[in-house]
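Here is the structure we will look at, set down as structure tokens.
The values are calculated or read from the model by the stated rules, or taken from the named source; none is laboratory data. Bear in mind the structure is a predicted one, so any value in this text is a computation, not a measurement. Glycine also receives a Cβ, built like all others from the backbone with ideal geometry; neighbour counts cover every protein chain displayed. Note: accessible area is taken over every heavy atom of the protein model, side chains too, but ligands, DNA and RNA are not part of it. Shrake-Rupley method; radii C 1.70, N 1.55, O 1.52, S 1.80 Å.
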Amino acid sequence: MMFDISYIKIGAVLAILAAVGLGYWHYTSILSDREQLRIQVSSLTDQRDQAIKTANDNADAAKELEATYKVQIAALEVMATETAAAEALSRAFTDDLAGAEDIAIPDALAKPFLKRFGGRP
């Protein structure tokens with residue numbers, strides 16, 4: 001019977017050594033995976049930070065563009081108002097000229113002009 005106990009003891013020691021060896025192997029593989037995951041997290045964090053910076057830059061550019069757009073719209077509205085006023089004034093002048101009598105130009109002024117530009121003197 002003593003013989004059986006020594007095999008049991010040897011088997012138990014081997015089982016314990018195997019469990020410790022497997023535990024150590026598992027622990028080192030987890031550390032290796034952990035380091036790789038740490039590198040991936042660092043890379044993804046950098047990518048995320050760059051994406052956030054790009055998004056913020058785009059938002060700032062959009063705000064500037066909107067401000068420029070509003071300034072241009074205001075300038076166009078002023079120009080449209082001024083154009084409408086000029087058009088009304090032009091119509092008023094056209095109406096005044098259409099109803100006006102011919103104006104006689106003194107000969108002293110008309111003759112040099114007509115001679116210069118080929119009209120009848």
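According to a simple spin-label model (label point 7 Å from Cα along Cα-to-Cβ), what is the distance in nm between Lys70 and Glu82?
If labels sit at Glu82 and Lys70, their model points lie 2.2 nm apart.
Any chance you could run the full-extension gain for Glu35 through Lys115? It's 0.36 nm times the residue separation minus the Cα-Cα distance, nm to one decimal.
Extending this stretch completely gives an extra 18.8 nm.
With a cap of 13 neighbouring Cβ atoms within 10 Å, and only residues DSSP puts in a loop, list the trypsin sites (Lys or Arg not before Pro) found in the range 45-76.
Here no trypsin sites (Lys or Arg not before Pro) fit, given the DSSP loop and packing criteria.
Say each of Thr28 and Asp46 gets a label point 7 Å from the Cα, pointing the same way as Cα to Cβ; how far apart are those two points in nm?
Rounded to a tenth, the inter-label distance reads 2.9 nm.
Between the alpha-carbon centers of the range 60-83 and the range 10-24, tell me the distance in whole angstrom.
80
Under a straight-distance cross-link criterion of Cα-Cα below 23 Å, which lysines are reachable from Lys63, leaving out those fewer than 8 residues away in the same chain?
Lys53
Would you be so kind as to identify which of Leu114, Tyr69, Gln40 lies farthest towards the positive end of the dipole of the chain, taking Lys and Arg as +1 and Asp and Glu as -1 on Cβ and the Cα centre as origin?
So the residue we want is Gln40.
Express the accessible area of the chain per residue in Å², computed with a 1.4 Å probe while the remaining protein chains stay in the model.
Roughly 93 Å² per residue, with all protein chains present.
Please give the helix 2-99 orientation as an angle from the longest Cα principal axis of the chain, in degrees from 0 to 90, rounded to the nearest 10.
Between helix and principal axis, roughly 10 degrees.
Using a 1.4 Å probe over the heavy atoms of the protein chains, calculate the carbon and sulfur portion of the accessible area of the chain as a whole percent.
Carbon plus sulfur share of accessible area: 66 percent.
Could you tell me how many degrees, from 0 to 90 and to the nearest 10, lie between the Cα long axis of helix 107-116 and the main elongation axis, the longest principal axis, of the Cα atoms of the chain?
60
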